[in-house]
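The structure appears below as structure tokens.
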Amino acid sequence: MRIGPGEELARQVRGLAVAGSVIALAIGAHGLAGGGTPHGVTLLLLGGAAAVLAAAVTAVPTLATRRRWLVPVLATGQVLAHTALSLGDAHSGMHSGSHLTAPMLLAHTAAVVVCAALIAAAERIGPRAYAALRRILPRILTVLPVRLEPALPSAVADVRPVVTSACVGPIARRGPPAFC
């Protein structure tokens, strides 16, 4: 099945939106629930999780086009992000043996709901905004004045080097210039 450039772009945008919003909201949810801020290796793990999510959503047509798959993909992304945050140094301040506490679970669940709402709204608004820009931009560009005659060249400054008599000698110098 062939896909057009518009559909491929929509897949890529959805993949990036899913990956970016999952990681950003996972870090926020993690912080609100008492987890620490990620550093170093944890950020690398989160980047890997984001790359896996973006690639999966972009490559699999069902994930890229169906809204009913949005919540399961986002939930999987939150699990991946929480695992990355748990493996890294973001749990250093927590005293619980299990890193999945009730506030943490609630925060990640809220992140899934917020991500799904934001991405679904962007997918509804995006085509309308694109259509509006296609109608408005030609009118704006035709109103802008265009200068038809070429601009005359003008000398900006004299670019000859300033040479003093102390710097000029009978022997030609090779190397960096001497500032006298």
Practice problem: Hey, could you check the range 1-59 for residues that are among the polar types (S, T, N, Q) and open to solvent by 20 Å² or more (accessible area, probe 1.4 Å) and say which is modelled with the highest pLDDT? | Solution: Ser21
Exercise. Working carefully through the options Val73, Val162, Val143, find the one that is at pLDDT 85 or above and not polar (S, T, N, Q).
Key: Val73
Quiz item: Give me the pairs: first residue in the range 32-51 and touching a residue at least 60 places away in the same chain (Cβ under 8 Å), second residue among the hydrophobic types (A, V, I, L, M, F, W, C) and in a helix (DSSP H, G or I), beta-carbon distance under 8 Å, and six or more apart or on different chains, which are they?
Solution: Leu32/Ala107; Ala33/Met104; Ala33/Leu106; Ala33/Ala107; Gly34/Met104; Gly35/Leu85; Gly35/Met104
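The values are calculated or read from the model by the stated rules, or taken from the named source; none is laboratory data. Since this is a predicted model, take the numbers as computed values, not measurements. Cβ coordinates were reconstructed from backbone atoms using ideal geometry, including for glycine residues, and neighbour counts include every protein chain displayed. Ligands, DNA and RNA are stripped out before the accessible areas are found, and what is left, the full protein with its side chains, is counted by its heavy atoms. Shrake-Rupley method; radii C 1.70, N 1.55, O 1.52, S 1.80 Å.
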